[in-house]
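Everything on this sheet refers to the single structure shown next.
The values are calculated or read from the model by the stated rules, or taken from the named source; none is laboratory data. Note that the structure is a prediction, hence the values are computed from the model and not measured. Cβ coordinates were reconstructed from backbone atoms using ideal geometry, including for glycine residues, and neighbour counts include every protein chain displayed. The area values use the complete protein model at the heavy-atom level, side chains included, leaving out ligands, DNA and RNA. Shrake-Rupley method; radii C 1.70, N 1.55, O 1.52, S 1.80 Å.
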Amino acid sequence: MGWCCLDICRALTLLALLFPLWEWGCWGLNPNSGDLEKSPHSDPDPWEILNRHKRSWVWNQFFVLEEYTGNEPLYVGKLHSDVDKGDGKVKYVLSGEGATSIFTIDENTGDIHATKRLDREAQAYYTLQAQAVDRLTNLPVEPKSEFVVKVQDINDNEPKFLDGPYLAGVPEMSPLGTMVVQVAATDADDPTYGNSARVVYSIIHGQPYFSVEPKTGVIRTALPNMDRETRDQYVLVIQAKDMVGQMGGLSGTTSVTVTLTDVNDNPPRFTHKSYQYTVLESLPVQSVVARIKAADFDIGSNAEMDYRIMDGDGPGMFNITTDEDTQEGVIILLKPLDFETKSSFSLRIEVTNRNIDSDFLSLGPFSDTTSVKVTVEDVNEPPVFSSPLSKMVVSEDAKVGTSIGRVSAHDPDTSNSAIRYSIDRNTDLERFFNVDALSGVISTAKPLDREANSIHNLTIFAIESHPTQIGKGIALITVQDINDNAPVFAIDYETLLCENAISDKDQQGNYLKCLCLYSCCPQVIQTISAVDKDEPLSGHRFYFALAAPAAGNLNFTLRDNKDNTASILTKRGGFRRREQPVYHLPVLIVDSGSPALSSTNTLSVRVCDCDSDGVALSCGAVAYTATGLSTGALLAILGCIITLLVMVLLIVTMRRRRKEPLILEEERDIRENIVRYDDEGGGEEDTEAFDMVTLRNLNVIRDPSVRRDVTPDTPTFFHYPSGTRPSYKSLPDNVVFREFIWDRLKDADVDPSAPPYDSLQTYAFEGSGSVAESLSSLESLSTDSDQNYDYLSNWGPRFKKLADLYGNSDGTSVLS
């Protein structure tokens, strides 16, 4: 199938007949390009051509311009077959990419049109299939043939910088033509067709400092020795234009920010030739005296500087270092300042770049110097001790008031004020020492004990006339030892001895069974050592021996090992707990001091029952059976019995005393009976426990001079004046009982015959207000009674109480 005009097809058909080996068809002429192209189908074998039907398709390859802007569909070409006789029986059908949506075909004439705008950058060509079919049967009259519609490019895309905008850097002072960065632009047009995609570069903004190569896009410096300190950044505008930069070409731009990076091309320089600073005399060591800084226009590592003191009149007084953050020179004080000794210092300081670039040595030298004068300002300083630490020694047996040593301080100021000394009592809480306020002599104030405190660290104050200026010094007093402590046992020893055997105790505390029983086998049962709180210079040397009372005993002996230890040995065997369970052995320990001191320490040896391996099972005394009791046991038992008897007697005595009545039974007043209920009343509102009316018999008033609970041996000395007491009947009900109880309490307090212990006070007061009046025989007693009870005094002591109550020699009533 091909695309052609009818006359040309006829001519080509004649040529095909002349060349039978060629495929039947025709050469197509592209109406758009005018080029003659052969069918893309491969030539078949010549012998096969003789057996094939002649192909009647005429076809061609078409080019269609992109971005067509006309109002009518764009004509692409015409499809025609020799089978088509023009009678309308043949119908043309188009299929493939874009068929019916982009490309349409006239089924009668075979004309093909593009109905939409085509974009080559979106799709460069379309592959379509064409076929001629019978209009009635829709059967193909020719085989389907394939052809291509290529979209022809036009310059409709401008160049674009896909990586822009650009950031670049170049060292300052770079030579001419130094490469900075390369830019690249892309054009979406067809690079194989025309000049639509051929781009050239140019610089729009950034001259005369930089240039760009038109073809490569490489940006280079256009001026030599550009100085960062003058200008450190440039913004360039680069243009890319297609059509080789010709008129009508499309263009695109991008920005390139070029930063000049620093190089060490500026030496450091001091802004002043000399500096002056003033510091106080009291400035502490290692303090900052001053800060100086040299100017360097470079940045980063190129501006790093080192300072040093070249010379000065105060060697070793100052040092200078570099502050890495600010690049300042920091002058530091190394020694204390003294205005009276030197009031000013002159220094010469040099600064040098740390990182020097050899390419710029011609711009140097990269160093500078300046002078610094430091003036010392006088201040009122505290007193200064001639020696900050004074070491002194005193004997432990030094008497109170003994001089130990002397401290000395002076006023460093020109005024040279007087100094007074004192001890910081926080360092001498127990006040063992004193210091003379004027001379500074330190002496003892209390007896010293090296064993309690061997070293005293005193802080001495030196105070001048100005109370705020206080100097401090240290007095280190060492107490020398004397032999004032006797040696004693190192530990509390527990010595165990197996009965019927001689046991030896090894270092681990295990008992070794002796092979000889009931015989005199000297065996070590304990090794003892001693300690002494004293610390002689030559070391301790202890001597051990048994004290005089035990020196000749028949049971144990002591052996001095000459190494500050001693061994306790048995003299015999056959120790038995029944005979003596514990042995107390006095040991005399003597030290080697001068004078020598000694002490007697008691070592207790306990006899124990041991097993076959010599391990103690039980220790102490054993209960005696048929052999009788020892004297000590009998005394202990007798003491226990006596103690028990005494306790029993005390208990019985206390009980009898509790039961004994305060008034004899035969003298007990019939009205003074006590009934014990062992219950608790309900208070004032409880009217069922007792009758309040029976307590209100106010007709009886006792004589306050007589006690009712004891038999007085002497008459009472307290009497109420006649007529001073009001009658109980005249008192209100709520005051009756209170007054009655207070009267009895007063009687008990003032009566000298009352016992010194608590006693029961019996109040025989029945009250008044009973409807039946009182039934007591005492109620019948009145002042007009003729009854005489004086005879009761003759009836003996049992009736003495009644005689006192009713007998009245002067004829007055007891109730009056």
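Solvent-accessible surface (1.4 Å probe) assigned to Phe489 amounts to roughly 30 Å².
Enter the accessible area per residue of region 235-291 (Å², integer; probe 1.4 Å; all protein chains in place).
On the way: 2820 Å² over 57 residues.
Heavy-atom accessible area per residue stands at 49 Å².
In this rough spin-label picture, where each label sits 7 Å from Cα along the Cβ direction, the Lys342-Gln480 distance is 4.4 nm. For region 331-346, 3J(HN,Hα) computed residue by residue from phi via the Karplus equation (6.51, -1.76, 1.60; θ = phi - 60°) reads 8, 10, 7, 9, 10, x, 8, 9, 4, 5, 8, 8, 9, 7, 9, 10 Hz, glycine and proline entered as x.
Quick one: with all protein chains in place, what share of the accessible area of region 259-319 is carbon or sulfur, to the nearest percent (1.4 Å probe)?
Result for region 259-319: 54 percent of the exposed heavy-atom area is carbon or sulfur.
Taken along the Cα-to-beta-carbon direction at a fixed 7 Å, the label points for Asn457 and Glu121 span 8.8 nm. Each residue of region 93-109 is assigned a 3J(HN,Hα), and the resulting list reads 10, 10, 9, x, 5, x, 5, 6, 8, 10, 10, 10, 10, 7, 5, 8, 9 Hz, derived from the Karplus form 6.51 cos²θ - 1.76 cosθ + 1.60 (θ = phi - 60°), x at Gly and Pro. Computed extension length for Thr178-Ala547: 121.7 nm, one decimal, from 0.36 nm per residue of separation with the Cα-Cα distance subtracted. To the nearest 0.05, what FRET efficiency results for Thr402 and Leu635 with a Förster distance of 51 Å applied to their C-beta separation? Working from the Cβ atoms, E equals 0.35. Ranking Thr115, Thr254 from most to least accessible surface, computed with a 1.4 Å probe over the protein chains only, gives Thr115, Thr254.
When Asp153, Asp227, Asp325 are compared by accessible area at a 1.4 angstrom probe, the order from most to least is Asp325, Asp227, Asp153. For Leu603, nonlocal amide neighbours, meaning residues 5 or more places apart or on other chains whose placed amide H falls under 5 Å from its own, are Leu585, Val587. Report in % the part of the accessible area of region 401-452 that belongs to carbon and sulfur, leaving out ligands and nucleic acids; probe 1.4 Å. Its accessible area is 47 percent carbon and sulfur atoms.
Each residue was assigned an accessible area with a 1.4 Å probe, and for Trp742 the value is about 150 Å².
Ser202 to Val235: FRET efficiency via 1/(1 + (r/R0)^6), r the Cβ-Cβ distance, R0 25 Å, to the nearest 0.05?
Details: r = 16 Å, r/R0 = 0.64.
Between Ser202 and Val235 the formula returns 0.95.
Model label points for Ser422 and Val652, set 7 angstrom from Cα along the Cα-to-Cβ axis, are 7.7 nm apart.
Among the listed pairs Lys533/Lys571; Lys273/Lys335; Lys85/Lys150; Lys533/Lys562; Lys85/Lys144, those with a Cα-Cα distance over 24 Å are Lys533/Lys571; Lys273/Lys335; Lys85/Lys150. Paramagnetic label reach from Thr602 (point 7 Å along Cα→Cβ; backbone nitrogen cut-off under 16 Å): within region 531-558, residues 547-551. Across region 126-155, the residues whose backbone nitrogen lies under 18 Å from the label position 7 Å along the beta-carbon direction of Gln246 are 153-155. Amide H to amide H, with H built 1.01 Å from N, Tyr166 comes under 5 Å of Ser255, Val256, Thr257, counting only residues 5 or more places away or on other chains. Between Ala490 and Asp313, residue separation times 0.36 nm minus the direct Cα-Cα distance comes to 57.0 nm. In plain terms, the chain from Ser255 to Leu554 could stretch by 95.5 nm, reckoned as 0.36 nm per residue minus the Cα-Cα distance. Phi angles of region 313-330 translate, via the Karplus equation with coefficients 6.51, -1.76, 1.60 and θ = phi - 60°, into HN-Hα couplings of 8, x, x, x, 7, 10, 9, 10, 10, 9, 7, 5, 7, 10, 6, 9, x, 9 Hz per residue; Gly and Pro are given as x. Charges were assigned to the Cβ only: +1 to each Lys and Arg, -1 to each Asp and Glu. The resulting dipole of region 151-203 about its Cα centre is roughly 220 debye. Determine how large the accessible area of Glu229 is when every protein chain is in place; take a 1.4 Å probe and give Å² rounded to the nearest 10. For Glu229, the solvent-accessible surface is approximately 60 Å².
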